[in-house]
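J.: Here's a structure for you.
The values are calculated or read from the model by the stated rules, or taken from the named source; none is laboratory data. Note that the structure is predicted; figures quoted are calculated from it, not measured. Cβ: placed from backbone, ideal geometry, glycine included. Neighbour counts: every protein chain shown.
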């Protein structure tokens, strides 16, 4: 019997099954120990079939997963998003926008971060995630800061992304507590949205001065 090779692993496996079926129909003349011989023959044949099947399966998986074939991720940081996307796709990668950040010193739409990074070895077709500079600053909602301490109010605003924060003390008996919040001369209400580049003024209470003379005027202290 001749095992015919084929470009298809499935075809080869089918041919192997035909061979097994044909050999299983072979007739053996009875002789002492013939049963043991035939049993061992069939057992060896089954083992061979199992080995060949596993080998064909591994070959197919290797071809399907493209195992062992890696390519390096190119450098696209510093390019515009359109150019970076075109460059990645021309080399067999997918490009996806993952985030945008505002940077007034960088041209809008410029790639400032990529993942995976340049030189990373990955499989062809891998998606490269890009972070670009936003075309306009992010706007956020300003929460209520009234009666919040100056330190806490500043921390909240900085956490939201504000950097231009100013303090203006106003008459109030509660020292260092926020009385109101302003931007561009107008008082802000809770929930007002502002770009993170906006200037914010915290009107903070200056408290009652300890230097105030509370002694009564003798001339007015008359009954």
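J.: Using the structure shown, decide if residue 128 is surrounded by 14 or more Cβ atoms within 10 Å (Cβ to Cβ), closer than 27 Å to residue 105 by Cβ, modelled with pLDDT of 95 or more and in contact with a helix residue (DSSP H, G or I) (Cβ under 9 Å, 6 or more places away or on another chain). It would help to see each step written out before you state the result.
T.: Working: surrounded by 14 or more Cβ atoms within 10 Å (Cβ to Cβ): yes; closer than 27 Å to residue 105 by Cβ: yes; modelled with pLDDT of 95 or more: yes; in contact with a helix residue (DSSP H, G or I) (Cβ under 9 Å, 6 or more places away or on another chain): yes.
For residue 128, the condition - surrounded by 14 or more Cβ atoms within 10 Å (Cβ to Cβ), closer than 27 Å to residue 105 by Cβ, modelled with pLDDT of 95 or more and in contact with a helix residue (DSSP H, G or I) (Cβ under 9 Å, 6 or more places away or on another chain) - is met.
J.: For region 195-204, name all the residues that are modelled with pLDDT under 95 and assigned to a strand (DSSP E or B).
T.: 195
J.: Then there is this: Could you identify the single residue in 111, 167 that is in contact with a strand residue (DSSP E or B) (Cβ under 6 Å, 6 or more places away or on another chain), under 30 Å from residue 203 (Cβ atoms) and surrounded by 13 or more Cβ atoms within 10 Å (Cβ to Cβ)?
T.: Numbers: 111 fails: under 30 Å from residue 203 (Cβ atoms).
None of the other options fit; the residue is 167.
J.: Out of all the residues in region 160-190, which are more than 20 Å from residue 138 (Cβ to Cβ), touching a helix residue (DSSP H, G or I) at 6+ places or on another chain (Cβ under 9 Å) and modelled with pLDDT of 95 or more?
T.: Those that are more than 20 Å from residue 138 (Cβ to Cβ), touching a helix residue (DSSP H, G or I) at 6+ places or on another chain (Cβ under 9 Å) and modelled with pLDDT of 95 or more: 167, 177, 178.
J.: How many of the residues making up region 79-108 are touching a residue at least 40 places away in the same chain (Cβ under 8 Å), surrounded by fewer than 16 Cβ atoms within 10 Å (Cβ to Cβ) and over 30 Å from residue 194 (Cβ atoms)?
T.: So the count comes out to 0.
J.: To continue, here is another question. Looking at residue 211, is it assigned to a loop (DSSP other than H, G, I, E, B) and modelled with pLDDT under 90?
T.: Answer is yes for this residue.
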